[in-house]
Structure formats: structure tokens, C-alpha cells
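A.B. asks: Pasting in a structure now, in C-alpha cells, and then I'll have a few things to ask.
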Amino acid sequence: MEHYVIIEKLCSCAKREGLDQITIFDDKSKAKGAADKQLAHMQGSFCGKHEFDVTEVDDHFVIGMLGGCDCSSSAKH
């Protein structure tokens, strides 16, 4: 069974870094580990205008944005 790590919305920081919106894993624990690692990276190195969290949905892991995204694609971070 495949397990996905999904970035719900690619903000300008995620786009700038070229992150994939969906990453596929064959093992649920590896997907969870990758989601947690990606979350830590996004929380620690993005612009800081918003926070993210990970939610498990049907054996997949969705990285969602808490609140709205008010950074623009032209903003310098």
C-alpha cells in the first residue's frame, strides 16, 4: 500500500525551494518520518508568516497551513 505525504498548499516559500506537493512511500512509518522532517524544515526555514501542522488522513500525512498565507510570490524571504 502506498502512503502519501501531501503539502496541502504550496506557499511561495515551498515553491521557491521546489518542494514536491506529493511524495509517495511504500511504508507508513517512513511516510510519517518524512512528514515530520518536512514539517520541521518548513517551520524552521520558511519566512515565519505562518505555521504548519501534520494531520493523518486515511493512512496518508497532510501538511497543512495554520491560518492563511499572506506571503506573496514576489516577497523576499
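A.B. asks: Hey, rough spin-label estimate for Lys30 and Arg16, points 7 angstrom out along Cα→Cβ, what's it come to in nanometres?
C.D. replies: 3.1
A.B. asks: Moving on to the next point. Could you count how many Lys pairs in the chain have their Cα atoms under 27 Å apart, skipping same-chain pairs fewer than 8 positions apart?
C.D. replies: The result is 17.
A.B. asks: Rounded to two decimals, what ratio of Rg to Rh does the chain give with C-alpha atoms and a Kirkwood Rh?
C.D. replies: Here the Rg-to-Rh quotient is 0.98.
A.B. asks: Any idea what angle helix 28-45 forms with the longest principal axis of the chain, computed on alpha-carbon atoms, 0 to 90 degrees, nearest 10?
C.D. replies: Long axis of 28-45 versus the principal axis of the chain: about 10 degrees.
A.B. asks: Expected output is a single nm value to one decimal: the length gained when fully extending between Asp53 and Lys9, i.e. 0.36 nm times separation in residues minus the C-alpha distance. What is it?
C.D. replies: 14.6 nm
A.B. asks: For segment 1-66, which chymotrypsin sites (Phe, Trp or Tyr not before Pro) are both in a DSSP coil and crowded by at most 14 other Cβ atoms within 10 Å?
C.D. replies: Loop-located and lightly packed - none at all.
Taken together, the values in this text are just the output of simple stated rules run on the coordinates, not laboratory data. Since the structure is predicted, the reported quantities are computational estimates derived from the model, not experimental observations. We place every Cβ from the backbone using ideal geometry, glycine too, and count neighbours over all the protein chains shown.
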